[in-house]
Structures are given as C-alpha cells and as structure tokens.
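Novice: Right, I'll just put the structure down here and ask away after.
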Amino acid sequence: MILLGGMCLSLASVNLSRDVFGTGFLAILIYATVLAPRMSLAIPRSKFAISFSDAAVFLAFLYFGGPAAIIMAAIETLASCYFLRNSGVPMSRTTVLTNISINTISISVTYLVWLTFLERILSEGSASGETQHLLSTLGALAVSQFAVASFLAAVFRSTVDRSDLWKTWITNCFSSSLTQFVGAGLAGIIYKVVSYGDIVTGVIAFVVLSLAYLSYRQSIGKVGEAILQVEAAEQEKAETERERRREAERHAAQLAITLENEEQANEALRKSEKDLQHAALYDSLTDLPNRKHFGDKLGELIDEYRNNPATGFFVLFLDIRKFKNINDSLGHSIGDKVLMVAAKRFVRMLNPSDLVARIGGDEFAVILRDVSSVGDAQKVARRVFNSIAQPFSLSGNKISIRVNIGIAPCDIEYRTPEEILRDADIAMHYAKEDSSSVAVFTKELRVRFLERVRLENDLRNAVDRGELSMHYQPLIDLQQGGIFGFEALLRWNHSELGMIPPDKFIPIAEESGVIIPITVWILKETTGQLARWHKIAQKYQDLIVSVNISGKHLSNDDLIGDVETALTVSGIPPSSLKLEITESAAMADAEYTIGVLNRLKNLGVQLSIDDFGTGYSSLSYLHRLPFDTLKIDRSFVYSVGASGENSEILQTIISLAKGLKKKVIAEGIETEAQLSLLQNLGCDFGQGYLLARPLTKEAAEKSLYENKSWLPAPTDTSTADDAQPAAEENLPVF
Ligand code: C2E
Ligand code: MG
Ligand code: MG
C-alpha cells in the first residue's frame, strides 16, 4: 500500500503544473498543515473525530486540479499524524506512511474516477462554476473519496486485526464519511465565497462558521468535561462498589469463620451434653451403670413382670466386706483400684443380658435375667463370691476381698425399684451369717431386719430416756475369798419391750457405732459409782470397776480422751479402772491395738483381755500386748464336769498366763467343782453365778456394807442351781 501510495505521489508530482504555486496554494497549505489538524473535533465517547483537513484537499482539487489535491492529501495527512503524535497518540512510522498512502491512493482513485466519468457527466448536466455544479462535483468527490479511503482503511485494519473486512468497515470506517462530507461542505463554502463572493458575505460566513465552530467546540469541551465528571463519578462508584464487594467478601469470610466456630462450639456442646448424659447414668470410676441407671432398668423390668409374670428376674445386692479397712490402711487410690478389679470380675462372671451396676461406695447390684429358680440364682451368687475371693496384687499388696451377697427374687408385690433393692439389701445383711456369704430374701428376714432397725433407733435415744442402767458382778479373789471389784454390765430396760438381753442389743450397738456414746456414758456412770463406793470403808479404797470396751471404740481416736475425762471427773485413781477388751477385738489389728493399749496403760488404767480362748491369739502378740489380766472365757469353765473332767484347756490357759506373767480371772463359775478346780490350778480371780450374779447398783452397794464372804461354804451337794445371791438380776429370754 505504501508502494502504491508512493507511486501515486510520484505521478502527481510529475504531473503537477508549476503554476499552482502561488498565494492560494500556500494559503491552503498553511490551512492544511497548521490550522486543520488543530481544528479537528473529537466526538466524545466515540472513536471518531470531525476533521477539517479534507477541505484543504477538496479546495486544492477545485482550484489546482487532481495532482495538487494528491500532494495536498499527502501533506495534510502527514501534518495530522505529526500533530496527533505530538498530542500523545501512539503511532508508528509505518502507520503514518500507511495513512499517507491510503489518502494519497484514495484521492488518486477519486481523481481517476473524476477524469473517467464524473467530469463528463457533470459538465453535461450544468455549467461549471454554477452552485449546483459545484455541489455535484464536491458530492461526487466526497462519495468517491469516502468509498476508496474507507475501503483501503478497512483492508488495512482487517489485515492487521485479522478480522472480517465487512464488519471492520461497518464498525470503524463507515462513520469517517462524516469527515469527507464536512470537508466537502467546507471546501464548497470557501470556494464559493472566494470565487464569487463579495467580501461581506465572506466575512459573515466566516464569522458565523467560526462562531458555530467555537460554540460547538465549547459544547464539545463541556460535554467532554461532563463525560469526564461522569466517568470520574462512575469510576468512584465502581471503586465504591468494588470496596463494597470486598467488604461483602470480607464479611462472607468472617461469617464463614463465625459459622465454623459456631459449628465447633455446637460440636463441643453436643459432646459435653453426651458426656453429661453418660456421667448422669454411669459411674465415673468403674464405668458401670450407676444407681439411677440401674433403678430405671429395674423399674422397666418390674412393669414388664407385672404384665407378664413369665419374665422373672433376680436382684443381687453385693457389699465388699470391710472395704473401709482397705481404704484406711492402704489408701484411697488402692481402694479405687480394688473397686475397679471387683467391677471387672463381676462383669466377667455374668451374662451379657445381666446388668451390673455400682450403686454406692462399695455396693454393687446385679439384675439376673436368664435364671429360672432361686437355687440357680444362689449358684450364680456363689460363683461370683468365689471369683471375687481370688487374691490379687496391687502396688505390691496382696489383696483378697470377700463380698456379702443378698438375693431378692422378683415378686408381684414390688412396685418400685427401691423396694426390691431394699429387700436384696436386707438379705445381704444376713449373708454373713451364712458360710457361703449368700442369703436369699424372705419375709422373716424383713421382720428381723425391721426389729433390728427399730432397736438401733431406740438405742440411740436409750441414754436420754434413762432406759440404760449398769449392773455390777462382783469379782472375787479365789484364794482369799474377798471382793476386789465389779464388772460393769450394761442393761437395757426398753420402755415398751422390757428388758432386752445384752447378747441381743450389744451387737447392734457395736455395728451401728452407738456403742461409743453409750460407753462414754458407762465410763462416767461406773467411775462415779466407784468413787462413792471407795468412800464406804478403808478396805474398799482399792476396789476396781471393770468396763467392757468394744472393738469399735478401740479403733476410735476418742477412746483415750473419753477414759481420761471419766478419770478426771470421778477423781478415782486410774488403777481402779480396768478396761476389758475381747481377744478377737484385740487381735483384729494387733499392731494398732498394741499402740492404743500402751497409751491407755500410760494413763495408769488396768487392762484385761476378755473371753480369752475364743479368738486366735498369736503368742508373739500376746507377749507384746500390755494386759494385766487374762480372762478365761466362760465356755472353758462351763465344760468342766462335776468331777473336774475337761480341765486340760483351763490348765493350759492358766499356765500360759503365768508364763506371760499375767493374772488370771475365770468367768462363768457356776459350780463348786469348777471353783475348786480353778483354785487348785492357781487361778487368781473369778466371777460367776456361784459367787454372785450381776447386781443392781443398790444391791451391789448393799453387799459391800454386808461385809459378807463371797466364797461359798464347801458342801458336798451344792450346785449352780442352789447359788442364788440376794438382789440378783433376772433377765427374761427375749
Ligand atoms: P462378758 O464381758 O464376757 O461378760 C460376762 C458375761 O457373762 C455377762 O453376761 C455375765 O452376766 C455373764 N456371766 C457371768 N457369770 C456367769 C455365769 O456363771 N454363768 C453364765 N451363764 N453367765 C455368766 P451379759 O451381762 O449378758 O453380757 C454379755 C456380754 O455382753 C458381755 O460378755 C459383754 O461382751 C457384753 N457386754 C455387757 N455389758 C457390756 C458393756 O457395758 N459394754 C460392752 N461393750 N459390752 C458389754
Ligand atoms: Mg467382760
Ligand atoms: Mg467375757
């Protein structure tokens, strides 16, 4: 295209007449190079601009012919490109040359078309110089110029862009026709004014056109400004929107985090709810169902059984024996582990359909389902007992536990879980009476239990109600025959049930712990009594009172203080008080007993081992226990016959006591044969119905005043049945 343009330009130069160079051509040249490029008006928001340069080309054509117009087109295009480049529009040299070539070629083609057709056609229609002729000429030139220039520009653009020629022409080149027609119009006006015009019309036309141009330019400037403002506003709006979008995205991200946190919190909440539910129904130590869970299940089974008695079941109540001792001696963490071992063994011994629960500290309960008879339930219970009894080792301690098991069969009378559990518990209380440690609930057991509960409750108030009293059984020097003291024996005269024998209420008092406050009362009562008896006569100043101390009290820290208080309050010499501790209580924890007895001994009191021979004393402990006297259990005395047979055990015990350098006292002397045997064996002291029954305090005091001889006068026929001392007690059989 550049080549073709160059050729056109060369041809035009050759054919250019020298006459054209004059003021007119110079004026057009100045207009084309200086004014026209600066006058072009860009149409806001479009790719087009109205150029006035074509007017110069058309004027050159009208005045100086085709070659002058071709050269003018080249110069005018070069000036426009130069001006545009100076204004900052990027434009390569090739583009500049291409633009020049397009315009040069198009004006050349237009000139050729003119020479070939237009000049002849137009000159036929009207005389040259006439306005119509001028308009036709310019119109035809403009059309031709537009057609060729736009076609070439479209070819160039579509080649560069590799786009469709037609579309490119429509989009980019079509509207450039405006420029051609504006240029033609302007050229026509100038030509008319200069050629024919009077100067006034010319000036007026110039002024009007200038005003029109300036006001248009101004309005275009305003439109441009307004557009800039709109664009700035749009940009601002777009920026605001972008910011909003960013803000929205930030919010969305924040929301996502919040939602995730919330989900996590919900998850934690669900988990803690689940944990809470588990904690509400399961024991935290053994992970067995707890009392509540067990009760719920039991409640369901009771309802089921009431609807369909074929669905029988048994409830087992299990209690670990002396669990408190394990806790106290080995510590709570070992105690916890023992419970865990026990729980595991229970579960292992039972069917999956059975339910094992921990319902209290050392209490467990089981629901046995697939067991049809009481006998079978007992078998299961014994199996559990044997399994649990297997020794095991924990932190170096060999541990062996025993359980008491109570069994309650389901019954139509049960309405709540508590009722059946209560009866299994009752049975469990009597399990220790059975060699296998298993007991089945019966209605008689409930009667016994309720009676026991009643006695226990009544016993708590017995001291306050004045129902308790002390009886005193004289203690006799078997060799001299004199009284050296009394054993204080507790009596309970129940306000409704009458006299209750010690064998019945003492075990209850011991198990429930009520024996401790009662013994405090006994110590006060007996030492106070003794203090008064000491004053009866000089010879009674060494009289002693012997008080029974239960195993429960022995292991209670308050014992020493209780004894001390009694001594201080009564003012009796400490050696006048003797404390009797049974052999079995003393040996339950011999090391501990040695410690307590030594502290008691330091107070100055005397100590006696009671019911000796019934427990399992180890000789080494016997040696170390600081007892003063050893009291032979009455069962050994009782077995001695009328002619002194079965005396071997007595003889052994007395020799042992002598060997240990302890004094010996025999209880339960009922016959003269027993008495004389004991005397012959060298037994120091004795007590028994033959010598004196336990006496009320009044009777005991009276006997002191009587100054009587306590040993019976030896007769051949005397027996225990004859021995009936004054004011003796007469206990009913309960
Ligand atoms: P224990 O300490 O061995 O008391 C001696 C028991 O033998 C007394 O029975 C006494 O009445 C009885 N007894 C004495 N001589 C004879 C006799 O010749 N033949 C027969 N068959 N019995 C005789 P009691 O008073 O019924 O007391 C029974 C047990 O109750 C006592 O045995 C003692 O273990 C306990 N006990 C009695 N009073 C108290 C007390 O105040 N505190 C404590 N902790 N236990 C007491
Ligand atoms: Mg006693
Ligand atoms: Mg005794």
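The values are calculated or read from the model by the stated rules, or taken from the named source; none is laboratory data. Owing to the predicted nature of the structure, the values given are computational and were not obtained by experimental measurement. Reconstructed Cβ throughout: ideal geometry from the backbone, glycine too, with neighbour counts over all protein chains shown. The protein model used for the area step is the full one, side chains on, heavy atoms only, and it has no ligands, DNA or RNA in it. Shrake-Rupley method; radii C 1.70, N 1.55, O 1.52, S 1.80 Å.
Novice: Between ALA280 and SER495, what is 0.36 nm times their sequence separation minus the Cα-Cα distance? Round to one decimal in nm.
Specialist: 72.8 nm
Novice: Next up: Among the trypsin sites (Lys or Arg not before Pro) in the stretch 600-662, which ones are in a DSSP loop with at most 10 other Cβ atoms within 10 Å of the Cβ? Mind listing them?
Specialist: Hits after loop and neighbour filter: LYS661.
Novice: Another question about this same structure. Could you list the square roots of 5 times each eigenvalue of the Cα gyration tensor of the stretch 96-249, that is, the equivalent ellipsoid semi-axes, sorted largest first and rounded to whole Å?
Specialist: Ellipsoid half-lengths, sorted descending, are 42, 27, 10 Å.
Novice: A follow-up question, please. Please sort by residue number the trypsin sites (Lys or Arg not before Pro) in the stretch 1-87 whose DSSP state is loop and whose Cβ has at most 15 other Cβ atoms within 10 Å.
Specialist: Taking the stretch 1-87 and a limit of 15 other Cβ atoms within 10 Å, the loop trypsin sites (Lys or Arg not before Pro) found are ARG45, LYS47.
Novice: Could you check the simple spin-label distance between ILE199 and LYS524, using points 7 Å along Cα→Cβ, in nm with one decimal?
Specialist: Simple spin-label model gives 15.3 nm for this pair.
Novice: Right, next: Report the calculated FRET efficiency for ILE227 and ARG446 (r = Cβ-Cβ distance, R0 = 60 Å), to the nearest 0.05.
Specialist: Working from the Cβ atoms, E equals 0.05.
Novice: Return a whole-number percent for the relative contact order of the stretch 515-599, with Cα pairs under 8 Å and 6 or more residues apart as the contact set.
Specialist: Once divided by the residue count of the stretch 515-599, the mean separation gives 35 percent.
Novice: Determine the gain in length on full extension of the stretch LYS398-ALA642; use 0.36 nm per residue of separation and subtract their C-alpha separation, reporting nm with one decimal.
Specialist: Separation in residues times 0.36 nm, less the Cα-Cα distance, equals 82.9 nm.
Novice: Can you figure out the FRET efficiency of LYS297 with ASP503, using R₀ = 45 Å and their beta-carbon distance, to the nearest 0.05?
Specialist: The computed FRET efficiency comes out at 0.60.
Novice: Among the listed pairs LYS524/LYS601; LYS271/LYS297; LYS379/LYS552; LYS432/LYS663; LYS443/LYS524; LYS398/LYS432, which have their C-alpha atoms separated by more than 30 angstrom in this model?
Specialist: Over 30 Å apart, Cα to Cα: LYS379/LYS552; LYS432/LYS663; LYS443/LYS524.
Novice: Then there is this: Taking 7 Å along the Cα-to-C-beta vector as the label spot, tell me the SER215-LYS324 distance in nanometres, rounded to one decimal.
Specialist: 12.0 nm
Novice: Still on this structure: Compute the length gained on full extension between VAL453 and THR258: take 0.36 nm times their separation in residues and subtract their Cα-Cα distance, giving the result in nm to one decimal.
Specialist: Computed gain between VAL453 and THR258 is 64.0 nm.
Novice: Between ARG599 and SER87, what is the spin-label point distance in nm, taking each point 7 Å from the Cα along the Cα→C-beta axis?
Specialist: 11.7 nm
Novice: Counting only the backbone N, which residues of the stretch 529-543 are under 15 Å from the spot 7 Å out from the Cα of VAL569 toward its beta-carbon?
Specialist: Within reach of a label on VAL569: 529-532.
Novice: Okay, next question. What would the Debye formula give as log10 I(q)/I(0) at q = 0.06, 0.09, 0.11 Å⁻¹ for the alpha-carbon point model of the chain, no solvent?
Specialist: At q = 0.06, 0.09, 0.11 Å⁻¹ the computed log10 ratios are -0.59, -0.95, -1.17.
Novice: If we count GluC sites (Glu not before Pro) as exposed when they sit in a DSSP loop and have at most 13 other beta carbons within 10 Å, what is the longest stretch of the chain that avoids them all?
Specialist: It runs 131-412.
Novice: Based on the alpha-carbon gyration tensor of the stretch 441-492 and its eigenvalue square roots a ≥ b ≥ c, which shape applies: rounded if a/c is under 1.5, prolate if not and a/b is larger than b/c, or oblate?
Specialist: oblate
Novice: Out of the chymotrypsin sites (Phe, Trp or Tyr not before Pro) in the stretch 1-78, which ones are loop residues according to DSSP with at most 15 other C-beta atoms within 10 Å?
Specialist: Passing both the DSSP loop test and the Cβ count: PHE21, PHE48.
Novice: Quick one: Cα centre-to-centre distance for the stretch 585-607 and the stretch 218-242, in angstrom?
Specialist: Between the Cα centre of the stretch 585-607 and that of the stretch 218-242, the gap is 110 Å.
Novice: Ok, one more. With every protein chain present, what accessible area does SER163 have (1.4 Å probe, heavy atoms only), rounded to the nearest 10 Å²?
Specialist: Here the accessible area works out near 50 Å².
Novice: Accessible area of THR179, 1.4 Å probe, to the nearest 10 Å²?
Specialist: 20 Å²
Novice: Just to make sure I understand: if all protein chains stay in place, what is the order of THR671, THR131 by accessible area at 1.4 Å, largest first?
Specialist: THR131, THR671
Novice: Now, a different point. Determine, from the Cβ-Cβ distance of THR696 and ALA310 and an R0 of 60 Å, the FRET efficiency 1/(1 + (r/R0)^6), rounded to the nearest 0.05.
Specialist: Result of the calculation: an efficiency of 0.45.
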